[in-house]
């Protein structure tokens, strides 16, 4: 009988759990967003918190990529979360006046296009590490400056 590597089984279970949590969060968010029949108010504080989570997840992914013992399903899990967060950020920013987000949306769309390939195996290479060290932090800093210029809230 084949012997099960307990370490592998634990890592696989952890990755499956993480994917389940991310999928559940995304479904709950979408259900909540599309079920609203009343006016929706988006606060700048919400945008800043989401931006902060994106930045945190980018640093986490970069650290995972540098860890030779990291388990690849975690790369996909964290990248999927970053992708979803950029989608959510884009959706929430659309509540704000167009003249307040016109410089921010192209930067976010660029990131959305980049992260949309997260399920492709070739996505996880040296170019991703380089992007996490240089271009992505630059874009995040630009986003932070643009978010600071937003009004305190917007209602749709």
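Read-outs throughout are calculated quantities, based only on the coordinates presented, and are distinct from any laboratory measurement. Predicted model only: the values in this text are computed from it and were never measured. All Cβ positions, even for glycine, are placed from backbone atoms using ideal geometry, and neighbour counts span all protein chains on display.
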_For the chain, place one equal point scatterer on every Cα, skip the solvent, and apply the Debye formula. What is log10 of I(q)/I(0) at q = 0.09, 0.14 Å⁻¹?_
-0.34, -0.76
_Principal-axis tilt of helix 104-115 within the chain, Cα atoms, nearest 10 degrees_ = 20 degrees
*asked:* Quick check: convex hull over the Cα atoms of the range 45-114, volume per residue in Å³, rounded to an integer?
replied: 79 Å³
_Using alpha-carbon coordinates, inclination of helix 44-66 to the longest axis of the chain, degrees_ = 20 degrees
*By count of other Cβ within 10 Å, fewest leading, how are 35, 112, 91 ordered?*
35, 91, 112
*So between residue 34 and residue 63, what do we pick up on full extension, going 0.36 nm a residue minus the alpha carbon distance?*
6.9 nm
*Using only Cα atoms, tell me the angle between helix 135-148 and the longest principal axis of the chain; keep it within 0 to 90° and round to the nearest 10.*
30 degrees
*Which of 71, 96 has the fewest Cβ neighbours within 10 Å, and the rest in rising order*: 71, 96
_For the chain, built as a Gaussian network whose Cα springs stay under 10 Å, the top-fluctuating residue of 138, 103, 66_ = 66
*Over the chain, what is the mean sequence separation of C-alpha contacts under 8 Å (at least six apart), divided by residue count, expressed as relative contact order in percent?*
35 percent
*In nanometres, what is the gap between the two model label sites at residue 138 and residue 70, each 7 Å from Cα along Cα-to-Cβ?*
2.2 nm
*asked:* I'd like the FRET efficiency for residue 107 and residue 10, computed as 1/(1 + (r/R0)^6) with the beta carbon distance as r and R0 of 30 Å, rounded to 0.05.
replied: 0.20
